[in-house]
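The values are calculated or read from the model by the stated rules, or taken from the named source; none is laboratory data. Everything numeric in this text was worked out from a predicted model, so none of it was measured. Note that each Cβ is placed from the backbone with ideal geometry, even for glycine, and that neighbours are counted across all protein chains shown.
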Amino acid sequence: MNLGSTDCCSRRGFLKSSVSCAGYLLALASLGPATFRSAFASSERERMFVQDWGWIEKLAEGVWSHISTPFEQSDYTTVCNGGIIAGSRRVLAVESFQRPRGAAWLAECAKKLTGRWPTDFVVTHFHGDHVSGSSGYLESGQKPTMWLTKTTRDLIAEGEDRREVKSLTSEVSLLADEVTDLDLGGRVVKLSATRGHTDSDVAIEVVDPNVVFAGDLVWNRLVPNYRDADPVALKQAVASLARESDTIYVPGHGVTASLKEFRLYQEFLDTMEDAARRAHGRGDSWEAAAKAYRLSGKFEDWFVFADSVMPAIFRAWYSALDGDTQPGG
Ligand SMILES: [Zn+2]
């Protein structure tokens, strides 16, 4: 996949770049490595199947996460996080990653861990680093079922590079704004269709133990990509993932998060909203507001991928605020 030549400003325009997450992440290659290391340094779980692009962690019996580290060695095989959820009859893989090799590798890990290749895989949204590697799940003649929303399917089809997902495998459309129960055999996984990071996002929830694969609705210690985000919907979607009891969150990017880290991420979203509302109220342009903004306090060491990260947040909030029917609301 030729990420380097993708022009995010053509045709579909800035808001709908099909590679926006990956584009942000790849921009990291030009930045110093020190900051992102702090974002990935704290994982306490044992790392399995360690590769240049990341590793697998066991979260619970039959549940594993993949934590992607594309920046360590500029390896973009997976780029986003994902996971493996096993039942007695089916094995669900989460995300299909940047490259087919990434999906094939996760499937090989599933085979080693569970004794079987994934029978199903779910992609959380249309961004290239989450979906471009889908064909990797077809290696060895396997044909797992793909789960995604119709909106995500349409956004993939409209993407700059028209990634070849269609007809590769059987697929199931998730209903918008609804929860779909997927019975893996002795374990039911909830696939919740929502929106916020993009026009269509899916969160995957395992109950007992409580594990949430949040896609890019949640990031851990990395400033999230708002390029395609609706910041109001994002906050609502994230709030819907909040749990009272202890829960493990697998973010789209960054290390596996505790409930405490999830709440810190919510606080980050609130902090950015507050900063944008104040700047908007003063009459500052979003460009100037983003330029002047500095991360501080508990967010001081959060990793900013590229110069475009902060402007995207302020621009998204200004767009939302300018569309408000209630002034100052
Ligand atoms: Zn994304």
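Give 60, 41, 22, 27 a once-over and let me know the one that is at pLDDT below 55, surrounded by fewer than 15 Cβ atoms within 10 Å (Cβ to Cβ) and aliphatic (A, V, I, L, M).
Numbers: 60 fails: at pLDDT below 55; 41 fails: at pLDDT below 55; 22 fails: surrounded by fewer than 15 Cβ atoms within 10 Å (Cβ to Cβ).
Only one candidate passes the filter, namely 27.
Taking the condition of being closer than 14 Å to residue 220 by Cβ and outside any loop (DSSP other than H, G, I, E, B), how many residues in the stretch 67-84 meet it? Walk me through it before giving the result.
Residues of the stretch 67-84 that are closer than 14 Å to residue 220 by Cβ, as a first pass: 67-69, 80-81.
Then keep just the ones that are outside any loop (DSSP other than H, G, I, E, B); that gives 67-68.
Number satisfying all stated conditions: 2.
Just to be sure, is residue 148 in a strand (DSSP E or B), within 16 Å of the ligand (Cβ to nearest atom), at pLDDT below 95 and not polar (S, T, N, Q)? It would help to see each step written out before you state the result.
On the way: in a strand (DSSP E or B): yes; within 16 Å of the ligand (Cβ to nearest atom): yes; at pLDDT below 95: yes; not polar (S, T, N, Q): yes.
Yes.
If only one of 316, 306 is part of a helix (DSSP H, G or I) and surrounded by 13 or more Cβ atoms within 10 Å (Cβ to Cβ), which one is it?
Testing whether each residue is part of a helix (DSSP H, G or I) and surrounded by 13 or more Cβ atoms within 10 Å (Cβ to Cβ) leaves just 316.
Which is among the small types (Gly, Ala, Ser), under 18 Å from residue 254 (Cβ atoms) and under 20 Å from the mean Cα position of the chain (by Cα), of 136, 54?
Working: 136 fails: under 18 Å from residue 254 (Cβ atoms).
Answer to the selection: 54.
What's the number of the only condition in (1) of a type outside the set (Val, Ile, Thr); (2) crowded, with 20+ Cβ neighbours inside 10 Å; (3) within 16 Å of the ligand (Cβ to nearest atom) that residue 233 fails to meet?
Looking at each condition in turn, residue 233 falls short on (2).
So residue 49 ticks every box in (1) among the hydrophobic types (A, V, I, L, M, F, W, C); (2) surrounded by fewer than 20 Cβ atoms within 10 Å (Cβ to Cβ); (3) under 16 Å from residue 254 (Cβ atoms) but one. Which box is left unticked?
Condition not satisfied by residue 49: (3).
Tell me yes or no: at least one residue of the stretch 114-126 is surrounded by fewer than 23 Cβ atoms within 10 Å (Cβ to Cβ), among the aromatic types (Phe, Trp, Tyr) and either in contact (Cβ under 8 Å) with a residue 60 or more places away in the chain or within 24 Å of residue 261 (Cα to Cα) (or both).
no
Just the residues that are farther than 19 Å from residue 255 by Cβ and within 15 Å of the chain's Cα centre (by Cα), please, taken from the stretch 76-98.
Within the stretch 76-98, 93, 96 qualify.
Can you report the number of residues in the stretch 94-121 which are closer than 25 Å to residue 192 by Cβ, touching a strand residue (DSSP E or B) at 6+ places or on another chain (Cβ under 8 Å) and outside any helix (DSSP H, G or I)?
Summing the residues that are closer than 25 Å to residue 192 by Cβ, touching a strand residue (DSSP E or B) at 6+ places or on another chain (Cβ under 8 Å) and outside any helix (DSSP H, G or I) in the stretch 94-121 gives 8.
Looking for something in contact with a Ser or Thr (Cβ under 6 Å, 6 or more places away or on another chain) and surrounded by 13 or more Cβ atoms within 10 Å (Cβ to Cβ) - is there at least one such residue anywhere in the stretch 262-281? Working first, answer last.
Taking the stretch 262-281 first, the residues in contact with a Ser or Thr (Cβ under 6 Å, 6 or more places away or on another chain) are none.
No, there is no match, as no residue in the stretch 262-281 is in contact with a Ser or Thr (Cβ under 6 Å, 6 or more places away or on another chain) and surrounded by 13 or more Cβ atoms within 10 Å (Cβ to Cβ).
Count, please, the residues in the stretch 210-230 that happen to be of a type in the set (D, E, K, R), within 14 Å of the ligand (Cβ to nearest atom) and over 22 Å from residue 190 (Cβ atoms). Break it down stepwise before answering.
First pass over the stretch 210-230, keeping only residues of a type in the set (D, E, K, R): 216, 221, 227-228, 230.
Filter once more, so that each one left must be within 14 Å of the ligand (Cβ to nearest atom): 216, 227-228, 230.
Subsequent filtering for residues that are over 22 Å from residue 190 (Cβ atoms) retains 227-228, 230.
Result for the stretch 210-230: 3.
Quick one: would you say residue 239 is surrounded by fewer than 20 Cβ atoms within 10 Å (Cβ to Cβ) and of a type outside the set (Phe, Trp, Tyr)?
Spelling it out, residue 239 is indeed surrounded by fewer than 20 Cβ atoms within 10 Å (Cβ to Cβ) and of a type outside the set (Phe, Trp, Tyr).
When the stretch 181-202 is examined, which residues are found to be touching a residue at least 60 places away in the same chain (Cβ under 8 Å), crowded, with 19+ Cβ neighbours inside 10 Å and away from the ligand (no atom under 13 Å from the Cβ)? Break it down into steps so the answer makes sense when it comes.
Our first condition is that a residue be touching a residue at least 60 places away in the same chain (Cβ under 8 Å); within the stretch 181-202, this holds for 182-187, 189, 191, 197-198, 200-202.
Next cut, crowded, with 19+ Cβ neighbours inside 10 Å only: 182, 184, 187, 189, 191, 197-198, 200-202.
Across the stretch 181-202, the qualifying residues are 182, 184, 187, 189, 191.
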